[in-house]
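First the structure, in the form of structure tokens, and then the observations on it.
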């Protein structure tokens with residue numbers, strides 16, 4: 001799967017789930033420890049601001065700030081769609097950018113954002129009690145991405161728990177979540 005295709009699919013998946021979040025679900029806990037639904041939406045928004053700043057060579061946004069305002073769902077969706085439009089501009093995917101560890105290309109941001117969006121869409125889905133049987137091909141693609149980055153590496157200091165065993169009937173999204181250390185049995189009453 002090409003980077004822009006996977007990013008488009010991850011954005012479509014995330015925006016679909018975001019559209020189904022109600023106001024009273026914004027404060028719900030998620031399987032991503034210590035983050036609520038709103039916190040994940042803010043994380044999505046922050047990621048788009050960071051990518052945009054890196055592409056344009058401008059200072060990064062404040063990571064500790066809430067970037068959603070009074071319309072958290074709308075702001076998150078608008079920022080994802082705007083970032084998708086930006087990276088889909090002709091030649092943008094190969095453009096140099098400044099990453100957290102030095103010079104990179106926009107492709108690096110797109111690949112990391114695809115993985116992050118897909119993983120956190122599972123968190124949102126579980127937090128609002130939506131099925132996780134969506135886009136198996138994308139989830140398998142992202143699982144391979146994380147395996148290439150994490151297999152055999154110590155996860156100490158990373159925002160991930162130890163890999164868990166998925167259930168026998170786990171969806172591709174559930175297997176991805178288990179690999180990232182998410183509780184496969186997470187429910188709002190956990």
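Could you grab me the full set of residues in segment 105-133 that are touching a helix residue (DSSP H, G or I) at 6+ places or on another chain (Cβ under 8 Å) and outside any helix (DSSP H, G or I)?
105, 128, 130, 131, 132, 133
Please verify whether segment 57-74 includes one or more residues that are under 22 Å from residue 122 (Cα atoms), in contact with a helix residue (DSSP H, G or I) (Cβ under 7 Å, 6 or more places away or on another chain) and either free of Cβ contacts under 8 Å to residues at least 24 places away in the same chain or part of a helix (DSSP H, G or I) (or both).
Within segment 57-74, one or more residues are under 22 Å from residue 122 (Cα atoms), in contact with a helix residue (DSSP H, G or I) (Cβ under 7 Å, 6 or more places away or on another chain) and either free of Cβ contacts under 8 Å to residues at least 24 places away in the same chain or part of a helix (DSSP H, G or I) (or both).
For segment 66-108, enumerate the residues that are under 26 Å from residue 20 (Cβ atoms) and more than 18 Å from the chain's Cα centre (by Cα).
Quick first cut of segment 66-108, residues under 26 Å from residue 20 (Cβ atoms) only: 66-88.
Result: 69, 70, 71, 88.
Quick one: in segment 165-185, of everything that is free of Cβ contacts under 8 Å to residues at least 60 places away in the same chain and surrounded by fewer than 15 Cβ atoms within 10 Å (Cβ to Cβ), which residue is farthest from residue 134 (Cα to Cα)? It would help to see each step written out before you state the result.
As a first pass, look at segment 165-185 and keep what is free of Cβ contacts under 8 Å to residues at least 60 places away in the same chain: 165-176, 178-179, 181, 184-185.
If we keep only those that are surrounded by fewer than 15 Cβ atoms within 10 Å (Cβ to Cβ) as well, we get 165, 167-169, 185.
Working: 165: 20, 167: 17, 168: 17, 169: 14, 185: 18 Å.
Going through the qualifying residues, I end up with 165.
Quick one: residue 93 ticks every box in (1) surrounded by fewer than 20 Cβ atoms within 10 Å (Cβ to Cβ); (2) out of contact with any strand residue (DSSP E or B) (no Cβ under 9 Å at 6 or more places or on another chain); (3) outside any loop (DSSP other than H, G, I, E, B) except a single one, so which number is it?
(2)
Any idea which of (1) farther than 21 Å from residue 59 by Cβ; (2) buried (at least 16 other Cβ atoms within 10 Å of the Cβ) is the one residue 88 doesn't satisfy?
All conditions pass for residue 88, except number (2).
Out of 27, 33, report the one residue that is at pLDDT 95 or above, more than 12 Å from the chain's Cα centre (by Cα) and over 17 Å from residue 106 (Cα atoms). Walk me through it before giving the result.
On the way: 33 fails: at pLDDT 95 or above.
Checking each option against the conditions leaves just 27.
Tell me, yes or no, whether segment 134-154 has at least one residue that is surrounded by fewer than 20 Cβ atoms within 10 Å (Cβ to Cβ), in contact with a strand residue (DSSP E or B) (Cβ under 9 Å, 6 or more places away or on another chain) and either at pLDDT below 95 or assigned to a helix (DSSP H, G or I) (or both).
No - not one qualifying residue is present in segment 134-154.
Here is a check on your reading of the model: is residue 34 at positive phi, without any contact (Cβ under 8 Å) to a residue 40 or more places away in the chain and either surrounded by 17 or more Cβ atoms within 10 Å (Cβ to Cβ) or not in a helix (DSSP H, G or I) (or both)? Walk me through it before giving the result.
Details: at positive phi: yes; without any contact (Cβ under 8 Å) to a residue 40 or more places away in the chain: yes; either surrounded by 17 or more Cβ atoms within 10 Å (Cβ to Cβ) or not in a helix (DSSP H, G or I) (or both): yes.
Yes, satisfied.
Which condition from (1) within 25 Å of residue 182 (Cβ to Cβ); (2) at pLDDT below 95; (3) touching a helix residue (DSSP H, G or I) at 6+ places or on another chain (Cβ under 8 Å) is the one that residue 44 breaks?
Condition not satisfied by residue 44: (2).
The values are calculated or read from the model by the stated rules, or taken from the named source; none is laboratory data. Since the structure is predicted, the reported quantities are computational estimates derived from the model, not experimental observations. Every residue, glycine as well, gets a Cβ built from its backbone with ideal geometry; the counts of neighbours run over all protein chains shown.
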